[in-house]
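I have placed the structure first, in the form of structure tokens, so that the comments after it can refer back to it.
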Amino acid sequence: MHKRQFIKNIVLTSIGAPLGLHSFAKSFTNKASIPATILASDEAFWTEIRNQYLLKPDYINLENGYYNFLPTPLLNKYIDHIKEVNLQGSYYMRTVQFDNKKKITAKLAGIAGCSADEIVITRNTTESLDMIIGGLDWKAGDEAIMAYQDYGAMLDMFELVQNRYGVIKKMLSVPNHPKNDEEIVALYQNAITEKTKVILVSHMINISGQILPIQKICTMAHAHGVQVIVDGAHAFAHIQYRIDDLGCDYYAASLHKWLSTPLGAGMLYVNKTRIKNVWPLLADGEKDLNKINRLNHTGTHPVATDLTINDSIEYFEMIGPAKKEARLRYLQNYWTEKVRNLPKIIVNTPADANRSCAIANVGIEGIAPGKLAERLLKEHQIFTVAIDYANVRGCRICPNLYTTTAELDHFIKALQTLANNA
């Protein structure tokens, strides 16, 4: 065999190499007949997941929303990929880099629930959505609807197009405890005028964890001729859905959050009927306006991260989307149910299990969010993040699959202690 083809085969094969977790995977197979909602409370079973992580002993980490760091098997694969790319250098970059990325993109499309020709790998949600927000053909007077609870980087980008093109930002506020889906849909519908071009909406609000009825919002918006951009940063590989079923025009997520890839991995979905209408962030050699890869020119970048996406998907599929979602929801409900009705404690996340999953936000009357986060860390060794805007005032709590109920018991006791002394 020619040396070039031999090396090419090695690299293409390596992205599908097993994680070396056969005994671990077998435990999932043995539990296959147990409903996900029942397995969610089996602490002994989930301890096997915890054992896959190298955890810093200084504090209990309840801030996994920013970055869901890698379990050790994925970290080892990532290091292997870095070594392999470093070994081959320019040879890898000039030969199989793009073939590998194409294969990984197709696998990513499989778990996203869309066609491979409608999705590209990016670096994060911000890059993905800023490309869409900045790449549409705006005219002075065009209106864009968004919420105060949407992610700051997206709001900043809309401010940029407002200043540059004269786009009108129409801001609304999503209630922390809506009565039903119809209240949310009506909120967006009532903001639409004949000048409305786009709605930006969060699939899962990052500061509170509230899940919004995306499919219903999209159906309503399209009936008015309005496009929908969905920020799915926290929903992807967290809750179960198919992008095809949502009916949105654009969807983006950060894979280094709930899919647990290395930092710097994201995705962008563009409905195939919309691809030709988006100007790319960086010019590409692809001139066919209907091909999404023309939106994916990122130049030279850390390709080992791309390769590890494949391993992260394998790990995600081994656990199972239903089992993961059930466990994450169980962990959130475990602590929120115990503090939701206590004096001075305010939970800024809906009680309805269908309106949230892992993420919730909690505050204490008389303690500013920043001070609450500070005291949780200094006095109780619990790491969180403070949120103090858009009618959400408290600390965002994001457990991960490695989180135990014993850690949450410690957190519950800490909240009670702080509330009693507030």
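The values are calculated or read from the model by the stated rules, or taken from the named source; none is laboratory data. Owing to the predicted nature of the structure, the values given are computational and were not obtained by experimental measurement. Quick reminder, even Gly has a Cβ in these numbers, built from the backbone with ideal geometry, and neighbours come from all protein chains shown.
What to note about this one:
- In region 39-92, the residues that are among the small types (Gly, Ala, Ser), at pLDDT 95 or above and either in a helix (DSSP H, G or I) or surrounded by fewer than 17 Cβ atoms within 10 Å (Cβ to Cβ) (or both): Ser41, Gly89, Ser90
- Filter pass, Gly209 being under 19 Å from Asn391 (Cα atoms) and of a type in the set (Gly, Ala, Ser): yes
- Being over 30 Å from Val185 (Cα atoms), buried (at least 19 other Cβ atoms within 10 Å of the Cβ) and within 20 Å of the chain's Cα centre (by Cα) is a property that does not hold for Asn124.
- Checking each residue of region 269-282 against the condition of being out of contact with any Ser or Thr (no Cβ under 6 Å at 6 or more places or on another chain), buried (at least 18 other Cβ atoms within 10 Å of the Cβ), under 16 Å from Arg123 (Cα atoms) and not aliphatic (A, V, I, L, M) gives at least one match.
- Residue match in region 78-90 (condition: aliphatic (A, V, I, L, M), out of contact with any strand residue (DSSP E or B) (no Cβ under 8 Å at 6 or more places or on another chain) and without any contact (Cβ under 8 Å) to a residue 60 or more places away in the chain): yes
- Scanning region 144-157 for residues that are closer than 25 Å to Thr273 by Cβ and in contact with an Asp or Glu (Cβ under 9 Å, 6 or more places away or on another chain) gives Asp150, Met154, Met157.
- Residues in region 235-246 include none that are over 20 Å from Glu325 (Cβ atoms) and of a type in the set (A, V, I, L, M, F, W, C).
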